[in-house]
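This report refers to the structure that appears directly beneath it.
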Amino acid sequence: MIRRVIVMLAALLGAATAAADGVTLPDVQRVELGNGTVLLINQKDDVPLVGVSIVLRGGAAADPEDRHGLGSLYAELIQKGAGDRDSLEFAEAIDSVGGRMYVAAGREGVTITAEFLSRDVDLMLELLSDMLMRPTLDRAEFERIKERSINLLLAAKDSDPGQLMPTYAHAFLFGEHPYGNPVEGSESSLANISHADIVDYFEQQVGGDRLIIAVSGDIDAAEVETQLAATFGEWRAAATPLAEVIAAEPATGRRVLLIDKPGTTQTYFWIGNLGVAIDYPDRAALDLANTVFGGRFTSMLNNALRVESGLTYGARSRLVRPSQPGSVAISSFTATDTTVEAIDLALDVLARFKNSGVSAELLDSAGNYVLGQYPMRLETATQLAMQFTQLEAYGLGTDYVDGYADAVGAVTAESVATVIDAVYPSADELVFVLLGDAELIREQVARYGEITEMAITAPAFHPPPDEPPPDE
């Protein structure tokens, strides 16, 4: 453990000077195998660590309509035994060498990240190939994971509902569009998933044609390429073609989702609309704009709602940028009796932001902040591997990283004003998602638009469909 800490500190110290000269990606070797698997290999000999990032394209966007969370359960389950190892043996194999491995489902893919000492690279690749190609998919483990996932949702609704706000918000904003699918599922959708569905998922949604593997670190690049090609080059394709995700339509007018949690003393709120995709061409200007608006502690939103008024402990603006336009939103929470006051203040800040833009002083401060944070995302072998898979998965060139510092330096007040006007919603085109005691706030929040109401105890995140009128 001590050696591992020393190695990691060396990596961080070695990369600390990157901010001064800007950030550029190292060379990476790209190999596409005959079955469609893409390999991205970067030899980085500064410290004896190896990082891996793997993307299986698909994710929650590919979940069946009545079984949202299927990909998430699959991601959990493949960690619970693979190859000749059961769940305990698999975990012990990682822990015995001080390795780390993490699997998660996202909107558009299942991701696996791993970090091992370079001396253990053979074991790492063995575990990863077993996990991908030979998962045990144990029925008893599946039942435990499914029950735990449902219980975690129930616990969040009871004690920490704020963490569920983005899920409610995207379900309401996107509706039946794939981006409205709850990544981790809902109580009702998880209950619908059987062990047979997991086995079918492995056949239908997992295969070499969906696979992107990036390896970075203290390796022999040619040797690793040979190992990966021999291991994955003949792997079958997923039985179902990857479905194309098309862009959703932005919400028009104003509408409100009110999630009733009787007895709660706070109101959580999310206010937003459709945003932009990951390949948005004016990303640098947008990043600076969002930093000023709600992306850091000294932002306009946090200063107004927390520092000056004391209405909340924190307020921020968030940009979700997948392959098609995601969301742009304000999020915060406040005491029940200051619900309208806090929301109105957030809307006032949005109006001021859109009308007045960003001053040169704030723009300069935001640029320094963003460029100071950026290098820390690309310091380790694992972070580099993750960046390589992201660029590949979204069809982005290396200039997405290499040209970023120059793009930030070229941002002007005028270009920020253009981005603010194009990306942030106007006051009359907003989706409001509120979670609180409906009996106490229902009449007050009706001013924001037509209300759709659901109970927090409802087993789904999408609001129930409108009841048809009774027969006459």
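Selection among P182, G109, A222 by position relative to the dipole of the stretch 70-223 gives P182 as farthest towards the positive end (Cβ unit charges, Cα centre). For the stretch 254-455, DSSP calls about 60 percent of its internal beta bridges antiparallel. For A238, the residues 5 or more places off, or on other chains, whose built amide H falls under 5 Å of its own are G207, G208, D209, R210.
What separates the Cα centres of the stretch 277-316 and the stretch 50-112 is a distance of 33 Å. Sorting 151-159, 47-55, 295-303, 222-230 by average packing, meaning the other beta carbons within 10 Å per residue, from highest down gives 47-55, 295-303, 222-230, 151-159.
About its Cα centre, the dipole of the stretch 254-455 is roughly 260 debye, where the only charges are +1 on Lys and Arg Cβ and -1 on Asp and Glu Cβ. Assuming charge only on the beta carbon of Lys and Arg (+1) and of Asp and Glu (-1), the dipole of the chain about its Cα centre is about 840 debye to the nearest 20. Which one is right for this structure if volume of the Cα convex hull per residue in Å³ is calculated from it: (1) 189; (2) 164; (3) 178? Correct label is (2). If both residues of a DSSP beta bridge must be in the chain, then about 70% of such bridges are antiparallel. Net length available on complete extension from D46 to D27 is 5.4 nm, with 0.36 nm assigned per residue and the Cα-Cα distance removed. Considering only Y424, V411, P459, the residue lying farthest towards the positive end of the dipole of the stretch 370-472 is V411, judged by Cα position with unit charges set on Cβ.
Using only Cα atoms, tell me the angle between helix 165-174 and the longest principal axis of the chain; keep it within 0 to 90° and round to the nearest 10. Between helix and principal axis, roughly 80 degrees.
A simple rule links phi to the HN-Hα coupling: the Karplus curve 6.51 cos²θ - 1.76 cosθ + 1.60 with θ = phi - 60°, which for the stretch 424-439 gives 7, x, 7, 5, 9, 9, 9, 9, 10, 10, 10, 10, x, 7, 4, 4 Hz, with x for Gly and Pro. Going by alpha carbons, how many degrees (0 to 90, nearest 10) lie between the helix axis of 195-205 and the longest principal axis of the chain? The helix 195-205 is inclined about 80 degrees to the chain.
Here the relative contact order of the chain, from alpha carbon pairs under 8 Å that lie six or more residues apart, stands at 23 percent.
Placing unit charges on each Cβ (+1 for Lys and Arg, -1 for Asp and Glu) gives the stretch 254-455 a dipole about its Cα centre, and among L363, N303, F353 the Cα reaching farthest toward its positive end belongs to N303.
Amide H contacts of R296: none lie under 5 Å away among residues 5 or more positions distant or on a separate chain (H built 1.01 Å from N in the peptide plane; Pro and chain starts excluded).
Sequentially through the stretch 270-278, phi angles give Karplus couplings (6.51, -1.76, 1.60; θ = phi - 60°) of 9, 10, x, 6, 5, x, 10, 8, 5 Hz, Gly and Pro residues having no value and appearing as x. Residue by residue, the stretch 81-91 carries 3J(HN,Hα) couplings of x, 7, x, 8, 9, 7, 4, 5, 5, 5, 5 Hz when phi is fed to the Karplus relation 6.51 cos²θ - 1.76 cosθ + 1.60 (θ = phi - 60°); x denotes Gly or Pro.
Between R139 and D406, residue separation times 0.36 nm minus the direct Cα-Cα distance comes to 90.9 nm. Against the main long axis of the alpha-carbon atoms of the chain, helix 283-294 sits at an angle near 50°.
Only the coordinates and a few stated rules stand behind these numbers; no lab work does. Keep in mind that what you see is a predicted model, and the values were worked out from it rather than measured. Cβ coordinates were reconstructed from backbone atoms using ideal geometry, including for glycine residues, and neighbour counts include every protein chain displayed.
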